[in-house]
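Following: one structure in structure tokens, then a few remarks.
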Amino acid sequence: MTTATMGPKVKPKLGRDDWAQRSFMLVIGLYLIIALALPLWAMLSKAFSTYYFDLGQYEVQVSDAEGIFGPVQNLADLDLPPEFEDLSTNTNGRLGITKLFPDFSFRSPVNYRFRGVSSDAVFLVGSERNTGPEWIELDSNTFRRVVLRPETERGISNFVTYFSTPALFQSVQNSLLIAAITTVITVALAFWFAYALARSKMHLKGVFRMVAMLPILVPSLLPGIALLYLFSPRQGMLKALMFGYDINGPIGIVIGSVFFTFPHAMIIISTALSISDARLFEASISLKASRWKTFWTVTIPGARYGLFSAAFVVFNLVITDFGLPKVIGGNFNMLAVDIYKQVIGQQNFEMGAVVSMVLLAPALLAFGIDRRMQKKQVALLTARSVVYEPKPNPLVDWGFFAYSTLVAIFMVGIIAVSQFAALIRQWPYNLSFSLSNYDFSRMDGGGWGSYTNSLTLAISTAIIGTVVVFLGAYMVEKTNGFERGRAVFQGLAMLPMAIPGMVLGIAYIFFFNNPSNPFNFMYGTMAILVVSTVTHFYTVSHLTAITALKQMDGEFESVSQSLKQPFYKLFWRVTVPVSLPAILNISIYLFVNAMTTVSAVVFLYSTDTALASVAVLNMNDAGDIAPAAAMGMMIFYTNAGARILHALLSKRILARSNAWRSGS
Amino acid sequence: MLDSSPAIYLRIENLWKNFGVFTALREISLEVFDGEFLCFLGPSGCGKTTLLRAIAGLDLQTAGTIEQSGRDVSNLPPSERDFGIVFQSYALFPNLTIEKNISYGLENAKRPKAEIKARVAELLELVGLPEQGKKYPAQLSGGQQQRIALARAIATNPGLLLLDEPLSALDAKVRIFLRHEVKELQRKLGITTVMVTHDQEEALSMADRIVVMNHGTIEQVGTPLEIYRDPASLFVADFIGAMNQIPASAADDKVTIANVEMRGNNNGLNGDVIATIRPEDVLPVEQAGENTLEVVIRSMEFLGSFFRAQLTSAEMGGTEIEADFSINAVRRLELKKGASLLVQLPAERLKSFPGGIK
């Protein structure tokens, strides 16, 4: 080839903008690495770590009453009591040395000499750390303060334990089953609801659309509480409807899951239906196909990627949800709850990490398939598609109206029952209304402080998150060169969607609670809650920002550079103002989710940073169900208020920018 | 004509651009003279936009040097080069008024506000839109927006103006009007200009010189007339204007098409060639002579100012030739479908290019 005549490669001289942009990207890339990649890595290594006491590392010499020392004995060679056959433990395991000496008495006049075999062997005398083969002589009263720390071993034995423990393994089956059932029900319900909105002339469409979005504003715990009020076997208002079945367990989880996943499915399917091409319907009608045939040959194929996508999103939400099964699961174990039980209940962090890995598998799978579906859906859209305009058909329209009303009653009913629960003095004995359940200072769970903490978290998340996400998306979308760095960044930005909140939370414990981590100071502060929440909800925000930026002319940057203007001038004067609606959408999304989220933060809050959503969980756990409902409603009011504010603000901004957005 | 050769403003030497394994530009060397209007012309994917973006520094070339006004700018970022650019999409900032768009590059701490204002007014006047300064881009027509984009690009008096298919998004009428306007403006300002286009008419009517590109290489550089009259390759001949292409064999100054020997312009080729002639060079004649043929009109298409006829020659074993006849000629010779006539293929216009019978 003539390639031989090509001269030396041109090395770009980087301008000031290039350096500034690269440092920005580095900072935000580092953020994602610290807030996401490293914690996940810490969790991964934890899942493959086991801990045991390596007695062979230590030697002891015991004297008689006269102070004459006997032979040097290795601890492993001692004649040990039977409970020491299994020396496995967990990270925090500590072995008091005297347990190995059944006839030890701290009053005996005997002296001990103790040492490690090598400098790797570590043991504590009280809080003092000792290593190495230097003999230390101790009287018996001090000897009882000698404590061994566990050794780490890499391997899959945690997984072996997990899969050979039926009680744990059962959860996999339970989670898959519940997620599958909920997916089928939610997608079917949401499809007909979205269909009614897109393809019929029924009345009150706006109201129905709004009502269907209500579940997004409350934590997933709240429908659980409402369902308990409605159907609990002893005191439920409508317990007769259960025909003797217990709402606690799979039935309750499914009903509640349908409630909180409905809006997500509805949005995705609505989008899919709204972009179907009207010309296909006209063609079908002109070919004299029946409504039924048109439905199966045009509507369903057109929306199929939307349906698949909705199914995977719902599946993912259910299998990773923690709040609902915690409240209404009864003895029915699910994976997400297992993580909580392992970590909070039994302090078994390694097993928590293993369950997290198990939970990660279906979540990653669903995420991967969903991404592929979304890409295909976009390809179906052509610029020349014509929007479908439904024609009135009284019978069908009123049918859909009746159906949508039923769905709306379900949505509003759950919220109304929660509100009712919050206001009743003591169900079912004292039915008078009072605000006493809102007096959170009388309950455990952090009181009103937890509510203000949640507000702080939500506002910080909205502000910091929006800035980080938008800058990150801008760097990925609008800068030149540095392709590999941008690709890595994009990958990292997509990752959080596949990571269940519980998994992120436990990963944060492993990473940030490590005393040798320089970021350890964040542990137990509001900062770690903000970081975890921003990270947890990063992907959707990132995609929103990317979409907005993609709609902007790609040559703005080129023009600005040719006019020798710095990139930040273009960013402030054009990019940000033009993207303002998307920026507002990102911040409200982050705010609402920060108010309702439980999953990641439940592992990370401290007594000073208790949160409203966690308070709902804890009060419910403590049996204070009415105050839990009241706190859930506080979250609802706040989110509803924030959404109204957001709507007003968006409207004002659109009105002000109307001149340049629409022309004329 | 000046006899001293004009100064070279832009010098491109042995430029290459690879996208992975794909070579988008190969061995490009080119000189652009001071104050000239140069067009990169070629089909989509020929590398013309890639070359323009390399000149701008927006997408750096893989290898090769670019010298602008005596300065090596090969590896400089766009902000350290000296050019204004106009894109097909206009790329006007939608949320800024026309005035703010034009003054975007003028604003800096040292320049007084009044001076900026005066310059913006002057530019608006120059592009013929003096009253539109307070409007937003979306409130203007496409042609107006493109003129604003032009004003913004020349606001800072750059030494080089780059136009990336600036007229392609416009209606046919506006496009023809703006062609003239842009050319006029360029002449008035004397600014060295490089324009990318896939529209040969645009290139022929606007450019001082045209660079015809194909598959990442330069096929020919020349004035519009040179390119049209004397294409350097079969690709250029075919891409610019209409061209008959007839398999033939060449020997010295003779070219033989299906047993008919004629005198032709063979460029020193021998053996299998493609003989070419433009439809307008096929002349209806009344008497037989050098290079005349008897042909039958198979069909005729009226194209407004002339007729395009499909001719077949029995002598040449049914070879088909396209010819353009003026309305006058058609009337005078009573040409119509099925009629037979004599045509001449003038020897200096009958040109051969390498290539065999397909």
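Every number in this text was worked out from the coordinates using simple rules, so none of it is lab data. Keep in mind that what you see is a predicted model, and the values were worked out from it rather than measured. Because the Cβ atoms are built from the backbone with ideal geometry, glycine has one as well, and the counts that use them run over all protein chains shown.
Structure summary
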| read-out | value |
| --- | --- |
| B:LYS188, B:LYS351 arranged by Cβ crowding within 10 Å, fewest neighbours leading | B:LYS188, B:LYS351 |
| Region A:200-342: proportion of alpha-carbon pairs further apart than 28 angstrom, % | 37 percent |
| Ellipsoid semi-axes in whole angstrom, largest first, where each is sqrt(5λ) of the Cα gyration tensor of region A:443-664 | 36, 23, 12 |
| 5 Å binning of all Cα-Cα separations within region B:281-358, expressed as whole percents from 0 upward | 3, 15, 25, 26, 17, 9, 4, 1 |
| Choice from B:PRO130, B:PRO78, B:PRO231 showing the highest fluctuation, given a GNM over chain B with Cα pairs closer than 10 Å | B:PRO130 |
| Isotropic mean projected area of the C-alpha convex hull, region A:317-469 (nm²) | 17.0 nm² |
| Over chain A: helical MRE at 222 nm, DSSP H runs n ≥ 4 each giving -39500 (n - 2.57), nearest 500 | -18500 deg cm²/dmol |
| Hydrodynamic radius (Kirkwood) for region A:177-424, which is based on Cα pairs only, to one decimal in Å | 19.7 Å |
| Residue mean of other protein chain beta carbons inside 10 Å, A:7-18 | 6 |
| Stokes-Einstein D in µm²/s, Kirkwood radius over Cα pairs - region A:440-515 at 4 °C with 1.567 mPa s viscosity | 83 µm²/s |
| At q = 0.16, 0.22, 0.24, 0.25 Å⁻¹, base-10 log of I(q)/I(0) for region A:292-368 (Debye sum, equal scatterers on each alpha carbon) | -0.67, -0.97, -1.06, -1.11 |
| Euclidean distance between Cα centres, region B:217-278 to region A:157-185, Å | 77 Å |
| Peptide B:54-63, shielding by other chains (average Cβ, 10 Å cutoff) | 4 |
| Principal axis dimensions, largest first and in whole angstrom, of region A:393-440 by Cα | 51, 21, 10 |
| Descending principal axes extents, region A:53-153, alpha-carbon based, whole Å | 41, 29, 23 |
| Karplus-derived HN-Hα couplings along region A:158-175 (A = 6.51, B = -1.76, C = 1.60, θ = phi - 60°), whole Hz, x at Gly and Pro | 4, 5, 4, 4, 4, 6, 9, 9, x, 4, 7, 5, 3, 4, 4, 4, 4, 4 |
| Directionally averaged shadow of region B:11-129, computed from the convex hull of its alpha-carbon atoms, nm² | 9.8 nm² |
| Under the Debye formula (equal points on every Cα, no solvent term), log10 I(q)/I(0) of region A:80-222 at q = 0.11, 0.12, 0.19 Å⁻¹ | -0.68, -0.73, -1.18 |
| FRET efficiency estimate (nearest 0.05) - Cβ-Cβ, A:LEU30 to B:GLU67, R0 60 angstrom | 0.90 |
| Efficiency of FRET from Cβ geometry, B:ASP230 and B:ASP252, R₀ 25 Å, rounded to 0.05 | 0.80 |
| By average C-beta atoms within 10 angstrom, highest first, the peptides A:199-206, A:620-627 | A:620-627, A:199-206 |
| Kirkwood Rh in Å, taken over all unlike Cα pairs in the protein assembly as shown | 35.6 Å |
| For region B:84-159, Kirkwood radius (reciprocal of mean inverse C-alpha pair distance, Å) | 12.2 Å |
| Mean Cβ neighbour count within 10 Å, used as a protection proxy, ranking A:391-401, B:51-61, B:262-272 highest first | B:51-61, B:262-272, A:391-401 |
| Most mobile listed residue (B:SER89, B:SER340, B:SER74) in chain B, GNM with C-alpha springs under 10 Å | B:SER340 |
| Debye log10 I(q)/I(0) for chain B, one point scatterer per Cα, at q = 0.11, 0.13, 0.15 Å⁻¹ | -0.86, -1.04, -1.21 |
| Whole-number D in µm² s⁻¹ for region B:38-98, Kirkwood Cα-pair radius fed into Stokes-Einstein, 37 °C, 0.692 mPa s | 245 µm²/s |
| Fraction of the pair-distance distribution of region A:485-548 above 15 Å, Cα-Cα pairs, percent | 57 percent |
| Ranked by how many other beta carbons lie within 10 Å on average, peptides A:252-262, A:481-491 from highest | A:252-262, A:481-491 |
| Shielding by partners - mean other protein chain Cβ count within 10 Å, residues of B:93-103 | 4 |
| Dipole of chain A, positive direction: furthest Cα of A:ALA289, A:HIS203, A:LEU611, with charges on the beta-carbon | A:ALA289 |
